[in-house]
Amino acid sequence: MVSSFLLSLREGLEAALIIGIVLGALRKIRRTDLAPALWVGTLAATCVSILAAVLLTIFGLSLEGNAEKIYEGITMFLAAGILTWMIFWMSGQARHLKGELEEGVNKAAVSTGKRSLFWLAFFAVVREGVELALFITAAFFAGNNEQVGTNTIQTLAGVVLGLGTAILLGWSLLATTVRLDLRRFFQITGMLLILFAAGLVAHGIHEFNEINWIPSIVEHVWDVNSFIDETSVTGELLKTLFGYNGNPSLTEMIGYIGYLITVSIFFGRSTSKRDVKAVQPQV
């Protein structure tokens, strides 16, 4: 639930910011008559995203044996890769997002109008939605496969709470004097999502260990299930959020630690460079 909440909050806030920027641009050029096309595009993108999440999950649940493990492993690696790209992209490109969207709105207003704005909103939101669908599917399979019903309820609850919070934050940023330090917000959530992505990498390696696509080398480096059982509430929380495994293989540990160190170093360097640029005086 925590992982789906965090993912939904981040992706939902990005989508809310996009919608808010486009609405602001429409008000600026006095073309609020095009707003309905924005909302239709947003609704269509939402429906596509929900459909993608449902299809990905249903397809995964329909598989058995090695096919299920292969699908889950690929889903974990794919989600981790896209999540990593998203963390760095949003952290580096957020400052240019407003200008690019406003330019797109201006072009849409003077060209085909509603049709262009529909597709502008659709593609901007559907990217966030499909990414979220993949992440939520990966988070769902990262839980206990024997507790499908519980996983479904917890995942849906996290998504609803995360998107609801994102909508409230987005509305507050646009309609009130509340100001959120978005740069700091994306830095903090980025660090948390790096931990989540590292867990996805380890979980994907675990699935491939079971079908011998990736050798374990050492099957169990340690076993701490007597201290924190994977099936306990705490163990399940750590498993879905950070990829906890009470008795990991050596390749799982190498993948987890290697990913965590590598991405954290690059993320730290990129944020440090942007912080330095932000405090440099304008000449």
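Considered as a group, the residues in segment 21-60 that are within 22 Å of the chain's Cα centre (by Cα) and small (Gly, Ala, Ser) include one that is farthest from Leu117 (Cα to Cα), and that residue is Gly60.
Screening segment 231-272 for residues that are without any contact (Cβ under 8 Å) to a residue 40 or more places away in the chain and surrounded by 15 or more Cβ atoms within 10 Å (Cβ to Cβ) and picking the one that is farthest from the chain's Cα centre (by Cα) gives Leu250. Please tell me if Glu14 is closer than 23 Å to Thr189 by Cβ and touching a helix residue (DSSP H, G or I) at 6+ places or on another chain (Cβ under 8 Å). Yes; evaluated as a whole, the condition is true for this residue. Screening Phe196, Phe185 for residues that are aromatic (Phe, Trp, Tyr), at pLDDT below 90 and over 30 Å from Ala25 (Cβ atoms) leaves exactly one candidate, Phe196. Return yes or no: is Val40 touching a residue at least 12 places away in the same chain (Cβ under 8 Å), assigned to a helix (DSSP H, G or I), of a type in the set (A, V, I, L, M, F, W, C) and over 26 Å from Phe185 (Cβ atoms)? In short, yes.
Determine, yes or no, whether Thr75 is of a type in the set (S, T, N, Q) and either outside any helix (DSSP H, G or I) or surrounded by fewer than 21 Cβ atoms within 10 Å (Cβ to Cβ) (or both). For Thr75, the condition - of a type in the set (S, T, N, Q) and either outside any helix (DSSP H, G or I) or surrounded by fewer than 21 Cβ atoms within 10 Å (Cβ to Cβ) (or both) - is not met.
The values are calculated or read from the model by the stated rules, or taken from the named source; none is laboratory data. Predicted model only: the values in this text are computed from it and were never measured. Backbone-built Cβ (ideal geometry, glycine too); neighbour counts: all protein chains shown.
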